[in-house]
1. Please go through the range 30-53 and give me each residue that is in a loop (DSSP other than H, G, I, E, B), out of contact with any Lys or Arg (no Cβ under 9 Å at 6 or more places or on another chain) and closer than 24 Å to His105 by Cα, ordered by number.
2. Which pairs turn up if I take residues in the range 101-123 that are at positive phi and look for partners that are open to solvent by 30 Å² or more (accessible area, probe 1.4 Å) and assigned to a helix (DSSP H, G or I) with beta carbon separation below 8 Å, at least 6 apart in sequence or on another chain?
3. What's the number of the condition Ala48 fails, among (1) open to solvent by less than 10 Å² (accessible area, probe 1.4 Å); (2) touching a strand residue (DSSP E or B) at 6+ places or on another chain (Cβ under 9 Å)?
4. Would you check which residues across the range 90-114 are open to solvent by 40 Å² or more (accessible area, probe 1.4 Å), within 16 Å of Val6 (Cβ to Cβ) and either part of a loop (DSSP other than H, G, I, E, B) or modelled with pLDDT of 95 or more (or both) and list them?
5. Hey, could you check the range 115-129 for residues that are aliphatic (A, V, I, L, M) and open to solvent by 70 Å² or more (accessible area, probe 1.4 Å) and say which is modelled with the highest pLDDT?
6. Any idea how many residues of the range 143-161 are outside any loop (DSSP other than H, G, I, E, B) and either modelled with pLDDT of 85 or more or open to solvent by less than 50 Å² (accessible area, probe 1.4 Å) (or both)?
7. Does the range 65-80 contain at least one residue that is surrounded by fewer than 20 Cβ atoms within 10 Å (Cβ to Cβ) and more than 25 Å from His119 (Cβ to Cβ)?
8. Just a yes or no: is a residue in the range 1-22 part of a loop (DSSP other than H, G, I, E, B), β-branched (Val, Ile, Thr) and more than 26 Å from Ser144 (Cβ to Cβ)?
Amino acid sequence: MKKEFVVIGLGRFGGSIVNELVNQGADVMAIDKFAERVNEFSKIATQAVMADTTDETVLKQLGIRNFEHVIVAIGDDIQSSILTTLMLKEIGVQKITVKAQNDYHEKVLRKIGADHVVHPERDMGIRIANNMMSNNVLDYLELSDEHSIMEIKANHLLAGHTIIGLDIRVRYGINIVAIKRDQDIIVSPAADEKIIEGDILIVIGADADISRFEKKMLN
């Protein structure tokens, strides 16, 4: 059975989500209050609707409570974002992801029941900064304010050592959860797995610990 999503707000962020979900085979109802955006996505989404999502009656008429996941990607209109999230909770939507403009917006969204809050601009800025500051950090995903997953390229200082030999968990408090090696990926690598120069180490841990590991072992 295909997964079903609703995306509310078809700006740059919401539009990219619609495109990716459709590309991955999902059914997507795309909603926006502007006709030109709805027209743009009418040939992409399973269904494209022009609607005011701050109106509970409208949401019920569209049958949105029957969808498993609703993404609120409304742009600069914080009031509409909050009211839409509140209406979605009122009608019983099970999972709601919302784009936040700032920390205050996020606090309100969490108080009214948003399941997941994203800061696409801030998170992308952090990822770009991390990549610019280090030749070894290839990608970055924030898990919380203090914890992340990072892809780190192994250099000659790590090459030839086993995971247990480096004693990364004890010395730095981080874990290597996978290793990308050419076209292969080793999930939960064994303690005696030997690291090869150029391996991509996928590590998880506190930001401060990952930074400490990077500075000590990779520079």
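The values are calculated or read from the model by the stated rules, or taken from the named source; none is laboratory data. None of these values were measured; they are calculated from a predicted model. Cβ sites come from the backbone with ideal geometry, for glycine too, and all protein chains shown count toward neighbours. Only protein heavy atoms, including side chains, enter the accessible area calculation; ligands, DNA and RNA are left aside. Shrake-Rupley method; radii C 1.70, N 1.55, O 1.52, S 1.80 Å.
1. Lys33, Phe34
2. Gly113/Leu86; Gly113/Lys89
3. (1)
4. The answer is Gln94, Lys95.
5. Pass one, the range 115-129, residues aliphatic (A, V, I, L, M): 117-118, 124, 126, 128-129.
Imposing the further condition that a residue be open to solvent by 70 Å² or more (accessible area, probe 1.4 Å) reduces the set to 124, 128.
Numbers: Met124: 62, Ile128: 55.
Ranking the candidates gives Met124 first.
6. Within the range 143-161, the subset outside any loop (DSSP other than H, G, I, E, B) is 147-153.
With the extra rule that they be either modelled with pLDDT of 85 or more or open to solvent by less than 50 Å² (accessible area, probe 1.4 Å) (or both), the set shrinks to 148-153.
Matching residues across the range 143-161 total 6.
7. Yes: the range 65-80 contains one or more residues that are surrounded by fewer than 20 Cβ atoms within 10 Å (Cβ to Cβ) and more than 25 Å from His119 (Cβ to Cβ).
8. Taking the range 1-22 and keeping what is part of a loop (DSSP other than H, G, I, E, B), we get 1-3, 9-11.
Retained after the next criterion (residues that are β-branched (Val, Ile, Thr)): none.
Checked the range 1-22: no residue is part of a loop (DSSP other than H, G, I, E, B), β-branched (Val, Ile, Thr) and more than 26 Å from Ser144 (Cβ to Cβ).
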